[in-house]
Amino acid sequence: MAGLVPFNRRTPDLLSSTFDDFYNMLDDFFTDSWPFRRSLAADTFKIDVLEDDKNYYIAAELPGVEKEEVNVTIDEGRLQISVNREEKVEEEGKNYIHRERRHTSMQRNIFLADASDEGVVAKLENGVLNITVPKKEKPDKSVPIEIE
């Protein structure tokens, strides 16, 4: 849960916490690559959020991810996109001395103030998850004022 980055258009800095940086530094220390390439931006997927009068449009870059590995939920305006991916390679007849697996779990939350929980459409195509979230109908509460 430490990797959650909430979307808030009023908060310009979406940087990681110091603890994330510390753990990333430890991971980088024990890798063979130089210079270190880890960052919060590289560990999560990128999203774009657009809106018009009736809908929110979210595009999430998920290259190489299958739709079975993606979970999208919405609850009271909080849209959650999560990816849980495990790399499995079955090879028989090999005598490995060292072998590593990759397990990826990423999650992004976006708060959409006037989003409707009904009628949300999500489609994964060519590594891009496109989500359309309708906005709630706002009743006209304007009161006519008589001019004297």
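When segment 59-79 is filtered for residues that are over 13 Å from Asn130 (Cα atoms) and part of a helix (DSSP H, G or I), the ones remaining, listed by number, are Glu68, Glu69.
Among all residue pairs at least 6 apart or on different chains, which show Cβ distances below 9 Å where the first residue, located in segment 85-111, is farther than 18 Å from Gly64 by Cα and the second is of a type in the set (Val, Ile, Thr) and modelled with pLDDT under 75? Hits for this filter: Arg99/Val89; Asn109/Val5.
Yes or no, residue by residue, for (1) surrounded by 14 or more Cβ atoms within 10 Å (Cβ to Cβ); (2) over 15 Å from Asn55 (Cα atoms):
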residue	(1), (2)
Asp75	no, yes
Ser82	yes, yes
Arg85	yes, yes
Asn95	no, yes
Glu100	no, yes
Ser105	no, yes
Arg108	yes, yes
Gly119	no, no
Asn126	no, yes
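The values are calculated or read from the model by the stated rules, or taken from the named source; none is laboratory data. Since this is a predicted model, take the numbers as computed values, not measurements. In this analysis, Cβ positions are derived from the backbone assuming ideal geometry, glycine residues included, and neighbour counts consider all displayed protein chains.
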